[in-house]
Amino acid sequence: MHRPYRVIVYTTASVDGRIGVYGRRLVLSYRCDLERLHYLRSVVDAVVVGANTVLNDNPMLTPRLVKSLRKPYRVVVDPYLKTPVNARVYDTSIAPSVVIVSINAPDLRKREFIDRGVCVIEVGWVGDKLLDLHTGFMELYRRFNVREILVEGGGYLISSLLRLGIVDRIYIAVAPLVLGRGICIARGDVLENPLELELVSISLCKCGREVVLEYRVKNSEGS
């Protein structure tokens, strides 16, 4: 096994494929969408977000909207440790926390996180400044037996994982909005070739306003 057996991306997007607007906090999710997301958190071993998600939303990344005794690892991908150590996701009294950093992250900042009880996983770079998340995820598996990962974003993190070829499933909740501009699910400048997907399911959310699409990434390790 080269990495956790399944990496799942979950995102909520507008009809025109935008997951947010630069420089603006925009909530696309309805309550039922959040409940669906929290359910997925409750059945995986780790939940992963990027540094910008922590800076913009300060999430807890716990499955608190559903009845669950599980406490998945909360993982932040933050190459240079620009997120504050007192962010809610790093409160290890709630659930275990991990931060994946680059070899260029400042040692003093790493010590701050370690002293708070956060596990720091240091990885190198792949090609043109693409963080080696393949190694990072493998370390999650090796150290904590993390076998199933839920990735919640944002756009740069999802794009990086797609480019590295370590996404197995993609869930998209399509909100009834057209934004016209903003952050795409996958940035067009990072995918060298089209990513071939297989539609697994399509359903209307119980709220009657969102459509939920589930795709399998063809030829992935955990598909």
Item to check | Residue tally, condition touching a helix residue (DSSP H, G or I) at 6+ places or on another chain (Cβ under 7 Å), among the basic types (K, R) and within 26 Å of G182 (Cα to Cα), over region 142-163 | outcome: 0
Next on the checklist: Yes or no: region 160-167 includes at least one residue that is buried (at least 19 other Cβ atoms within 10 Å of the Cβ), in a strand (DSSP E or B) and of a type in the set (A, V, I, L, M).
Outcome noted: no
Checklist entry - Going by the structure shown, is D33 more than 24 Å from V99 (Cα to Cα), crowded, with 17+ Cβ neighbours inside 10 Å and out of contact with any Pro (no Cβ under 8 Å at 6 or more places or on another chain)? => result yes
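Across region 138-156, which residue is nearest to the chain's Cα centre (by Cα) among those that are under 22 Å from Y39 (Cβ atoms) and outside any strand (DSSP E or B)? Give the derivation first.
Our first condition is that a residue be under 22 Å from Y39 (Cβ atoms); within region 138-156, this holds for 140, 144-154.
Right, trim to outside any strand (DSSP E or B) and you get 140, 144-147, 154.
Working: L140: 14, F144: 18, N145: 18, V146: 14, R147: 15, G154: 7 Å.
Here the answer is G154.
Any chance you could count how many residues in region 206-217 are closer than 15 Å to A13 by Cα and outside any strand (DSSP E or B)? Let's see the steps before the verdict.
To start, the set of residues in region 206-217 that are closer than 15 Å to A13 by Cα comprises 209-215.
Those left that are additionally outside any strand (DSSP E or B): 209-210.
Qualifying residue count for the region: 2.
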Checklist outcome for this item: Selection over region 95-129 where residues are farther than 14 Å from D78 by Cα and of a type in the set (V, I, T) yields a count of 2
Checklist entry - If you go through region 55-86 one residue at a time, how many are of a type in the set (A, V, I, L, M, F, W, C), touching a helix residue (DSSP H, G or I) at 6+ places or on another chain (Cβ under 6 Å) and either surrounded by 18 or more Cβ atoms within 10 Å (Cβ to Cβ) or not in a loop (DSSP other than H, G, I, E, B) (or both)? => result 4
Item to check | Some residue of region 95-112 being touching a Ser or Thr at 6+ places or on another chain (Cβ under 9 Å), farther than 13 Å from V48 by Cβ, surrounded by 14 or more Cβ atoms within 10 Å (Cβ to Cβ) and not aromatic (F, W, Y) | outcome: yes
Next on the checklist: Consider region 168-205. How many of its residues are in a loop (DSSP other than H, G, I, E, B), touching a residue at least 12 places away in the same chain (Cβ under 8 Å) and over 18 Å from V15 (Cα atoms)?
Outcome noted: 6
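Read the figures in this text as sums done on the coordinates, not as results from a lab. From a predicted model like this one, the values you see are computed outputs, not experimental measurements. With ideal geometry, Cβ positions are generated from the backbone for all residues, glycine too; neighbour counts draw on all protein chains shown.
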